[in-house]
Ligand SMILES: Nc1ncnc2c1ncn2[C@@H]1O[C@H](COP(=O)(O)OP(=O)(O)OP(=O)(O)O)[C@@H](O)[C@H]1O
Ligand SMILES: [Mg+2]
């Protein structure tokens with residue numbers, strides 16, 4: 001059994017301008033000790049997916065399907081069961097750490113709050129562990145920083161604190177929502193290495209969300225690609241990177257500028273904002289290899305190789321022939 | 001330490017404001033129709049009597065000279081002599097201010113506590129019964145004037161139920177309470193007079209409730225909407241997402257950030273209490289500053305009115321100073 005099994009998850013958010021189908025029939029498994037990268041353009045539903053794993057969708061959202069964590073459906077959890085799942089089961093690093101830290105509480109105390117809640121330790125004992133954690137995520141002078149308030153920190157430092165907060169919960173699944181956005185290359189590399197270590201050495205599962213497919217691929221075991229709330233490709237990281245099977249994944253990779261001065265090919269068009277689950281391939285309007293049938297039926301996510309899935313009938317046929 | 005120095009600086013800035021206020025009041029009371037001299041003299045007084053009284057009160061000199069004399073006296077601690085009673089105004093004020101501070105102080109504390117607890121609880125169960133009730137109070141409270149509220153309380157709790165003592169002062173005379181500060185509960189505790197403490201609390205119940213209800217409505221609205229916006233913030237959602245115990249979440253991640261955003265608005269709301277106290281004191285024969293000032297205004301007792309306005313101005317400025325200091329204390333982002 002996987003640690004996390006998302007089964008046909010659909011999330012619709014009621015907004016002032018009508019409904020938004022943030023996720024449509026998403027299926028995703030995560031095993032302990034592995035890093036799964038979740039990539040896609042802005043608005044694709046990456047954060048919604050992470051939030052549904054901790055049962056914290058916006059008030060106006062309604063979800064169908066299942067989010068099974070160790071066999072229990074998070075969407076059906078309530079009260080104490082849900083509280084124990086949050087943090088200790090799955091802990092999330094929020095996308096904007098400076099906003100996600102309590103502005104009127106010292107970061108050290110915020111860490112201690114988590115340690116006490118999930119480790120059962122006394123505040124005094126937790127303090128030493130908190131300082132240790134700050135050092136572990138690469139904060140210099142952790143003893144002094146323990147007493148800092150969020151507004152006294154740089155973006156990079158806040159990002160590290162955010163990761164320390166999630167780690168302090170001792171989660172079996174770590175949800176990192178764009179943990180490297182806005183960080184310089186060195187720091188980003190350091191953070192990614194830390195997630196890799198957490199998976200390899202501590203056996204945690206990690207869902208690593210990013211819009212930078214090339215940037216995170218190296219530390220991921222698997223890559224999942226989200227487009228307009230639908231999962232379009234999911235496979236071993238190296239395979240997805242070297243031989244992407246969905247035209248959207250190819251487009252994402254082609255858009256990455258290379259080191260040798262190639263500026264990259266930005267994809268034309270933009271991601272649609274869907275009001276309901278799509279009836280046709282949501283990528284069809286932007287697809288270079290689209291066919292007539294793509295506009296008529298939504299392609300299913302099918303196995304096109306060992307543990308490699310893609311939602312594109314055109315590639316699937318090529319695969320079968322080739 | 002930093003806070004103390006800041007408070008000191010702010011207090012210094014108070015002086016020019018007070019001079020401005022005193023000039024304005026000085027002129028305003030003198031342009032009000034009505035002659036203070038006529039109110040103290042008998043109907044049969046002659047022109048000569050009037051002129052003599054005018055001179056006695058120092059009202060015969062040109063206005064700028066009158067003001068400068070007043071300013072010099074105030075600087076030496078002499079607030080003047082009441083036209084009506086012939087008593088030193090500073091002494092009269094000293095006898096009454098304790099009673100008013102007690103009234104307003106308890107009303108503030110109770111209103112703040114109730115508004116915080118109910119406002120946060122209402123935000124936690126948005127759309128629930130308590131939330132609907134809080135919003136109803138928020139609307140109704142703003143619409144009912146304080147004298148109507150006070151009258152209703154008197155009719156119900158004194159008139160019908162006889163739970164409260166008659167609205168005739170601050171404490172039962174028979175308890176033999178010796179005034180020290182003028183605040184009856186403090187005096188009773190200081191003098192170890194238990195019956196007087198009971199009587200003082202009983203007398204405080206209705207006027208304090210009236211005043212507290214007056215500010216409860218806007219306070220409740222402020223706390224509730226503050227708490228709602230904190231609950232929509234990532235910081236709150238993050239605390240919930242990390243499975244912190246409900247107690248910790250409510251205390252550290254909801255109540256504290258909510259309160260950190262409130263001091264200035266709270267001071268603004270509490271400012272209304274000073275005006276409200278004038279009416280409520282009169283209704284309950286409180287013999288405090290407000291009732292004294294109202295009588296002074298009716299009889300055009302210039303020194304009394306001037307002193308009351310000055311005290312009110314100081315109270316306002318202190319209120320905002322306290323708000324700023326509390327704000328800086330609650331919110332580490334505020335630099336002072
Ligand atoms: N609180 C909300 N209320 C209404 N709609 C929302 C809300 N949050 C997100 N959405 C909508 O849900 C969809 C998915 O948003 P989500 O935040 O999951 O995207 P994302 O992939 O994380 O994007 P980004 O890379 O910009 O973080 C978007 O269309 C967005 O407009
Ligand atoms: Mg996001």
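Bear in mind these aren't lab numbers, they're just calculated from the coordinates by the rules spelled out. Everything numeric in this text was worked out from a predicted model, so none of it was measured. In this analysis, Cβ positions are derived from the backbone assuming ideal geometry, glycine residues included, and neighbour counts consider all displayed protein chains.
Cα convex hull of the range B:76-150: mean projected area in nm², to one decimal?
Averaged projected hull area, Cα only: 7.9 nm².
Provide the packing ranking of B:246-255, B:44-53, i.e. peptides ordered by the mean count of other C-beta atoms within 10 Å per residue, highest first.
B:246-255, B:44-53
Cα centroids of the range A:106-139 and the range B:114-183: how far apart, whole angstrom?
About 45 Å separates the Cα centre of the range A:106-139 from the one of the range B:114-183.
Diagonalise the Cα gyration tensor of the range B:12-72 and give the resulting equivalent ellipsoid semi-axes, square root of 5 times each eigenvalue, largest first, whole Å.
The equivalent ellipsoid of the range B:12-72 has semi-axes of 29, 12, 8 Å.
Using a 10 Å cut-off on Cβ to Cβ distances, tally the other chain neighbours for every residue of A:86-92 and report the average as a whole number.
Partner Cβ neighbours, averaged per residue: 4.
For residue A:258, put the label point 7 Å out on the Cα→Cβ axis and report which residues of the range A:208-225 keep their amide N under 17 Å from it.
A:214-215
When a footprinting reagent is the concern and you count Cβ atoms within 10 Å, what order do A:181, B:185 take, fewest first?
Taking fewest neighbouring Cβ atoms as first place, the list is A:181, B:185.
Could you pull out which residues in the range A:20-54 have an amide N less than 16 Å from a spot 7 Å beyond the Cα of residue A:64, following the Cα-Cβ vector?
The answer is A:20-27.
In degrees, nearest 10, range 0 to 90: what is the angle between the Cα axis of helix B:47-56 and the longest Cα principal axis of chain B?
In chain B, helix B:47-56 runs at an angle near 50 degrees to the longest axis.
For the range B:98-297, compute Rg over Rh where Rg is the Cα radius of gyration and Rh is the Kirkwood radius from the inverse mean 1/r over Cα pairs.
Rg/Rh: 1.06.
Take the Cα gyration tensor of chain A, multiply each eigenvalue by 5, square-root it, and list the three semi-axes largest first, rounded to whole angstrom.
Ellipsoid half-lengths, sorted descending, are 35, 22, 18 Å.
Mind checking B:243-250 for the average number of partner chain beta-carbons within 10 Å of each residue's beta-carbon?
5
Roughly what angle does helix B:289-298 make with the longest principal axis of chain B, taking Cα atoms, 0 to 90 degrees, to the nearest 10?
Roughly 40 degrees, rounded to the nearest 10.
Would you calculate a helix-derived [θ] at 222 nm for chain A, using -39,500 (n - 2.57) for each DSSP H run of n ≥ 4 and dividing by the full residue count, to the nearest 500?
The per-residue figure over chain A is -9500 deg cm²/dmol.
Between residue B:152 and residue A:242, what is the label-point separation in nm under the 7 Å Cα-to-beta-carbon projection?
That separation, rounded to one decimal, is 7.9 nm.
Taking N as the number of residues in the protein assembly as shown, what is its alpha-carbon radius of gyration divided by 2.2 N^0.38 Å?
1.35
Sort B:8-20, A:125-137, B:170-182, B:213-225 by the packing proxy (mean of other Cβ within 10 Å over each peptide's residues), most packed first.
So the order, starting with the most tightly packed, is B:213-225, A:125-137, B:170-182, B:8-20.
For the range A:157-280, what size does the Cα cloud have along each of its three principal axes, sorted from largest down, in whole Å?
43, 41, 27
For a label point 7 angstrom out from the Cα of residue B:87 toward its Cβ, which stretches of the range B:171-214 have the backbone nitrogen within less than 18 Å?
Output list for this probe position: B:171, B:173, B:177-184.
Based on the mean of other Cβ atoms within 10 Å per residue, sort peptides A:100-107, A:224-231 so the most packed one is first.
Top of the packing list down: A:224-231, A:100-107.
Does the range A:135-195 come out rounded, prolate or oblate by the C-alpha gyration tensor, with a ≥ b ≥ c the root eigenvalues, rounded set by a/c under 1.5 and, if not, prolate when a/b is larger than b/c and oblate if not?
The shape class here is oblate.
Would the range A:238-322 count as rounded, prolate or oblate if I go by the C-alpha gyration tensor, calling it rounded below 1.5 in a/c and otherwise prolate when a/b exceeds b/c, oblate otherwise?
oblate
Can you tell me what percent of all Cα-Cα pairs in the range B:127-216 are more than 19 Å apart?
52 percent
Percent relative contact order of the range B:98-297, based on C-alpha pairs within less than 8 angstrom and at least six residues apart?
So the answer I get is 32 percent.
To the nearest 0.05, how large is the calculated FRET efficiency for residue B:144 and residue B:113 if R₀ is 30 Å and r is the Cβ-Cβ distance?
My answer for the efficiency is 0.90.
Mean shadow of chain B, computed from the convex hull of its alpha carbons, in nm²?
Convex hull of Cα atoms, orientation-averaged projection: 22.2 nm².
How long, wide and thick is the range A:84-216, going by the Cα atoms along their three principal axes, in whole angstroms, largest first?
So the three principal-axis extents are 43, 31, 23 Å.
In peptide A:75-85, what is the residue-averaged number of other protein chain Cβ atoms found within 10 Å of each Cβ?
Taking the mean over all residues of the peptide, I get 1.
Obtain the nm distance between the two label points defined at residue B:297 and residue B:47 by a simple spin-label model: each point lies 7 Å from its Cα along the Cα-to-C-beta direction.
Between residue B:297 and residue B:47, the label points sit 3.5 nm apart.
Where does chain B land at 222 nm, in deg cm²/dmol rounded to the nearest 500, when only DSSP H runs of n ≥ 4 count, each adding -39500 (n - 2.57), divided by all residues?
Calculated from helices alone, the mean residue ellipticity at 222 nm is -23500 deg cm²/dmol.
For the range A:1-99, what value does the Rg/Rh ratio take when both radii are computed over Cα atoms and Rh is the Kirkwood radius, given to two decimals?
Answer for the range A:1-99: 0.95.
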